[in-house]
Every structure is written in structure tokens, then in C-alpha cells.
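The values are calculated or read from the model by the stated rules, or taken from the named source; none is laboratory data. All figures in this text were calculated on a predicted structure; none of them were measured in a lab. Neighbour counts are summed over all protein chains in view; Cβ atoms, including those assigned to glycine, are modelled from backbone coordinates with ideal geometry.
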Amino acid sequence: MKVNANILSEGARAAWPICLGYFPIGIAFGVIAQKAGLNPLEIGLMSLLVFAGSSQFIAISLLSSGASFLAITLTTFIVNLRHFLMSSALAVYLRHTPKKCITLFGYGVTDESFAMNLAFFRTKDWDWRKALVVNHISNLAWVVSTILGGFGGSLIPRGSFGIDYALIAMLLCLLVFQLRDKIHAIVAIISGIIATTMALIIPGNSYIIVAAIIAATAGLLLRRKKYEHQS
Amino acid sequence: MLFLGMGIVTYFPRLLPLLFLSRKELPLWLEAWLDFIPAAILSALIFPSLITAGNPRHLDLLKPEMIVAIPTFLFAIKTRSLGGTVLIGMALFWLSGKVFG
């Protein structure tokens, strides 16, 4: 694999908002995991092997409540199943990527890297090499910040400089990039309403995948109707 | 051992669609459907975190997260700058903490 400075710097430039967003969450995770009895080495290992923020938080709370191996693994699977949908959407852009590199890429698909890479694939001169850099720099930021948290992140005051808002702002902007026409905006609104309604009724995060599937299907039907109208 | 198990069940749903769908010609309807997935997922990720709170969750329309989201969203539409939006969002959220907190 050819790695040149251009690919690294472009990837890094795309990754910084993700890293900025990961740091407070990673540190918070490290603090909580350490309180639950994990040492910094175990925290780093978990972040490296799993690399999925919300499911790691859930796993820690399950661990401290004495849940079984099977229960924790199954919960992790369900919580992270939404990435199945994200990878499906990304696959279209990885047609000419060697299999070995896809194997490496899959490891780094998170909510954030997915949204970032997809936005770049659509609008810019972007390829899988740069996308891979985004994934792995984000991963590094996650692993490092969780370990730092494990060492004593409680020393850092909470809410410094509004950094807790970095990820929300980033996702908001990436959503704006996706609102390319009326139908996409309608899909987003439908999804938001279904997700919020479900989130109020059902615990857990299954609302993400259900809302997205329903809203995307609605979008498909709307588009079909529009074409029928024209012809 | 537990972490390895968690890692494996996280990895395969991420990997398999990439491996299979990237090597196939997809039917047009599927490609059109997948094209709506990002907007749908992002919206489903963001909205509940902006307007619900607590455990079990309840509706809370006036969270600082939601109030700050409005100018941040408008800024993103106006400038289409990712870095700028992140910094503006952070600054406004920090300010809101000073004002309301």
C-alpha cells in the first residue's frame, strides 16, 4: 500500500473534528471503567478490540452489575448492529478497494467515521486510502483518550470549553451535507420523529436502525411516486 | 476474553456488508434506498439526543443541547464548513453553560 504525505494530511484534516469529539467521551469512559475496576491496560485493550463507544459504556455498567459473558456479548452485538446499515451504504464507494484493505477498513466503521467519509466520498476527491486514515486516526484518539481517562481523567474539569458539544455539532453539519433535496429532507424529518418517539417508549438504541430503515423506505416510495408523476 | 468476544460481534456487522456489497452490481432500487440511509441514520442519531433526557427517557424540548443546535444548524447551512460548525457549536454550548448554568 502506497502511503504518501498528501493522503495522510488530507485524512488527518478530515479526522480532527472526530478526534476532538472523542476526547471528552474517551476520558469519561476511562474514568468510569477505572472506577469499575479496570486498569489502564485493560481499558486500552478493550478500546482497541471493540472500538465502539456506546457499547463500551454499556458493557462496563453490565460488568459492574455482574452480567454474564453471553449477556454482555449479545448486548454489544445488538447495540452495534446499526453499523451493518452504515457499511452497506459505504460499500458502494469501495468498489476498487483491495479485499485486504476492506478488512482493515471495516474495523474502523463508527457512527462518526461513517458520516464523515460518506460526506467526503460524495463531494470531494476522496478515496479509500484517505478514508482509512480517517478511521485509524479516530481509533488512535479513542484508544489514547480512554487510557488517559483511566489514569486520572477526573482531574480535568467537566464541560471545559464546550468540548462536550463537538460531536453533536459535527453530526449536525454532516446531516446538513446530506440534505441534498426535498426528499432527503423529508426522510431526515421522518427518521427524527420516529427515532424520538421510539426512544421515549423503548429503552436501548434499537430505534436508530428501525427509524432509519422506515424513513429510507419512505424516501424510496416518495421518489418512485415522483417519477410516476413525471412520466 | 470478554473484550475479544465483544470485538468480534462488533467487527463482523461492520465488515460483511463492505465485503459483499462492494463486489456486486446492486439493483437500482437498493442503491437508491442506501442513498437515503445516511440522512436517515444521522437524523435518528441526533434528534433523540437533543430533545430527550433521563433514564427512562422523557421529552425535554428546552435542553441547552437543543437550543444551541438551532444556531449551529443554521450556521452549517449558511457556511457548509464542518470545522467552523464544530467550533461555533462548542463556543455556543460553552456560553450557554455560563449563562444558564
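Going through (1) under 21 Å from residue A:143 (Cβ atoms); (2) at pLDDT below 85; (3) among the polar types (S, T, N, Q) one by one, residue A:103 falls short only on (2).
Identify, please: which residue in segment B:43-76 is part of a loop (DSSP other than H, G, I, E, B) and facing chain A (nearest Cβ under 7 Å) and is, among those, surrounded by the most Cβ atoms within 10 Å (Cβ to Cβ)?
Ranking the candidates gives B:57 first.
Of all residues in segment A:84-108, those that are facing chain B (nearest Cβ under 7 Å) have Cβ atoms under 8 Å from Cβ atoms of residues that are among the basic types (Lys, Arg) and buried (at least 19 other Cβ atoms within 10 Å of the Cβ), 6 or more apart or on another chain, in A:84/B:14; A:86/B:14; A:87/B:14; A:106/B:14; A:107/B:14. Exactly one residue out of B:85, B:79 is exposed (fewer than 15 other Cβ atoms within 10 Å of the Cβ), within 21 Å of the chain's Cα centre (by Cα) and closer than 24 Å to residue A:14 by Cα, and it is B:79.
When the residues of segment A:199-208 are narrowed to those that are facing chain B (nearest Cβ under 8 Å) and buried (at least 20 other Cβ atoms within 10 Å of the Cβ), which ends up modelled with the highest pLDDT?
Among residues in segment A:199-208 that are facing chain B (nearest Cβ under 8 Å) and buried (at least 20 other Cβ atoms within 10 Å of the Cβ), the one modelled with the highest pLDDT is A:199.
Checked against (1) within 21 Å of residue A:173 (Cα to Cα); (2) surrounded by 22 or more Cβ atoms within 10 Å (Cβ to Cβ), residue B:6 meets all criteria but (1).
Taking segment A:40-76 as the range and being modelled with pLDDT of 85 or more and away from chain B (no Cβ under 13 Å) as the test, only A:40 passes. In segment B:15-25 there is no residue that is among the hydroxyl-bearing types (Ser, Thr, Tyr), more than 7 Å from chain A (Cβ to nearest Cβ) and out of contact with any Asp or Glu (no Cβ under 9 Å at 6 or more places or on another chain). Screening segment A:172-187 for residues that are in contact with a Gly (Cβ under 9 Å, 6 or more places away or on another chain) and touching a residue at least 24 places away in the same chain (Cβ under 8 Å) and picking the one that is surrounded by the fewest Cβ atoms within 10 Å (Cβ to Cβ) gives A:186. I want to confirm something. Restricting to segment A:157-171 and keeping residues that are within 21 Å of residue A:192 (Cα to Cα) and either at pLDDT 85 or above or polar (S, T, N, Q) (or both), which single residue is surrounded by the most Cβ atoms within 10 Å (Cβ to Cβ)? Only one residue fits best here, namely A:169. Among all positions in segment B:79-86, there is at least one residue which is hydrophobic (A, V, I, L, M, F, W, C), in contact with a Pro (Cβ under 7 Å, 6 or more places away or on another chain), assigned to a helix (DSSP H, G or I) and at pLDDT below 90.
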